[in-house]
Structure formats: structure tokens, C-alpha cells
Amino acid sequence: MSPPRRDDTEQVKKNFVSRIKNLKTRLRKSRNLLSDGLTRIMRGGGDKARILEEIDELLVGADIGVRTSAHIVEQVSSSGISLNEQTVREAIREEIVGILSLENIPEVDTTTRPHIVMVVGVNGTGKTTTIAKLARRLTGEGKKVLLAASDTFRAAAIEQLEIWAGRVGADIVKHKLGADAASVAYDAVSAAIARDVDTVIIDTAGRLQTKKNLMDEVAKIGRVTSKLVEGSPHEVLLVLDATTGQNAISQARAFSETCGVTGLVVAKLDGTAKGGIVVAIAREFGIPILYIGTGETAEDLEPFDPEVFADALLT
């Protein structure tokens, strides 16, 4: 589940244009705020200081964050470009792409079988649905997938994961409500080895009452899976809800401090005007955004591409 790599074939270029068009529709609320707001500001006129101040307010309003917005405005201001709509729009786009295009991202070795992915996040972020979407992508590629219902604190989480497993064609290992989460993960990985499964996706309890409890549980899951598959879990994906805006920042900080997060999935981007939170998170933590959720169905999970995302927001 490494960040997607661009291939310069003609078909991929066509797909790139198609993805921008599709994402523009899905990010309509965020795009209306940013793109239309920028048009309004530039056509409204005024001196340079006033224009830059309004752009800063616009970016903050889109939840790009105070520090990141100030950084983007400063780069635009010091670039020496003439302040017309086209040049300003392009300058902001380039800054956003630069922030989102993280350098020196380590490649994830997905050849180990089974490949173990642990998914974390607070309740209500769309974590279980995101797991289903990831499983759907993998089964669609011909991979054998097994889900581990290690969120044993909520009966609804186990039931929901089981329903999704049936829909997307994945196996599932579950225990009774209140069972030890690490035991579920251990049994799931054991089953995956026996069944020649390609990928195990481990659901976890979405709670942040104390960082210590969270760390202890995640660390225990890691210990038991690594006994069966060396180096696992190979990936720790954090699911964030875009509609929560700046609250997603505090969640990302808490989980990155405790869980060794290797990648982010930003869900529910289709239902918010706060799409700028993606930019704020990328600049704040330097963790790659791997996927974005843009709808309710199992197919509504987009591999994240900085240029596609920036174009969908601003062009």
C-alpha cells in the first residue's frame, strides 16, 4: 500500500485526467470554497497586502491551518509573480503539490505473505468502512484477504466487519465481544498462513481515553503477529475523518506518537468543505497520505495523488 507511482503511458495520462474530473465532483464542497473563493478575491481587486490577507483567510477557512496557510501565502508573496487570478491560482497549486509530495518515503515491501496491515483510528472516523474498501481493492486485484475483528469492545464493530467481509469476498476471524484483541490478531495471522492468504487487515478499537492503554494494546498486537510473521505489522494505517477539520490534527498527533503510523487514509472528503485538512496534516506530520475516501460504497476509495488532489481543488 505504498503511495502510487506515476507511469508516463498514454493510458495513465488519460486516467489522470479522468480522476481529476471525478474527484472534482466528489470534492465539490471543498472546491467551491477554495476555487470560487479565490476567483472572488482576485476579481474584487485591492492592494497586494489586502489580497494576500484575504487569501490567507480563505485557506484557513478551508482548514489548511494557520501555519500552513501563512507558509503558502508567504511563498506566493515572495515569488515575485504578478497578482492575477491565473498566476496566483497556479502558485498556490504548486505550493500544495509540494507540501503533499513527501520526499524520501520508504518503499513498503508488500511481497511478504501474508502482508499484515493494522488499521487504527477513533470511533466514527469510518475506520471499518475503510477496511472494507481496502479489502475490496485487494480482492479486485485477485488477492486473498483476511480481516481480523480485533475491535472487540463494540459488538457493532464485529458485526459490521463481518457483513463487509461477505460483501467484498474476504475471510474474517472474530472472537466474542470483550475478547483479547491480540488473541484475535494472532488467530487471524495463523489462519492466513494456513490458508495462503496475501493480506491480513487488522481492525482495532477506536478509543483514545489514555495513550498508555492504546499503546499497550497496539504493542501487544504487534508482538503476537511478529511471532508468526517477522517484521509485522508491516503497515499501520491511521484513518482520519475529514469532516472533523482541525480535530483530525490532534488525532494524528496522538496516534503517530503511540502507534508508529506509516500511512494515512482521509475519509469522508465528499461530505465536507474542509478538504484543506489534507494539506495541513501532510505538512504537520510528514506521513504519506495513501488513500482518500470519497463516498459510501466499497469502491469509493481513491489512491492519493498530490497533483490530482490539488487540481481537483483549485482548477
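The values are calculated or read from the model by the stated rules, or taken from the named source; none is laboratory data. None of the values given here were measured: they were computed from a predicted structure. Positions of Cβ are generated from backbone atoms using ideal geometry, with glycine treated the same way; all protein chains shown enter the neighbour counts.
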field: Hits in region 229-251 - residues which are within 20 Å of ALA310 (Cβ to Cβ) and either in contact with a Leu (Cβ under 6 Å, 6 or more places away or on another chain) or crowded, with 21+ Cβ neighbours inside 10 Å (or both)
entry: LEU240, ALA242, ALA248
message: Regarding region 203-213, can at least one residue be identified that is buried (at least 17 other Cβ atoms within 10 Å of the Cβ) and under 18 Å from LEU301 (Cβ atoms)?
response: yes
field: Within region 140-163, tally of residues that are assigned to a helix (DSSP H, G or I) and among the aliphatic types (A, V, I, L, M)
entry: 6
- prompt: Quick one: is ALA273 small (Gly, Ala, Ser) and surrounded by 23 or more Cβ atoms within 10 Å (Cβ to Cβ)?
  reply: no
message: So LYS143 passes all but one of these: (1) at positive phi; (2) in contact with an Asp or Glu (Cβ under 6 Å, 6 or more places away or on another chain). Which condition number does it fail?
response: (1)
- prompt: Which residues, taken from region 63-77, are part of a helix (DSSP H, G or I) and within 20 Å of the chain's Cα centre (by Cα)?
  reply: THR68
- prompt: Applying the selection to region 164-189, what residues are farther than 12 Å from ALA135 by Cβ and assigned to a helix (DSSP H, G or I)?
  reply: ALA181, ALA182, SER183, VAL184, ALA185, TYR186, ASP187, ALA188, VAL189
query: So how many residues does region 190-216 have that are at pLDDT below 85 and not basic (Lys, Arg)?
result: 8
- request: Can you tell me which residue within region 109-134, out of those that are polar (S, T, N, Q) and part of a loop (DSSP other than H, G, I, E, B), is modelled with the highest pLDDT?
  value: THR125
- prompt: Out of curiosity, is THR294 of a type in the set (S, T, N, Q) and more than 20 Å from GLU94 (Cα to Cα)?
  reply: yes
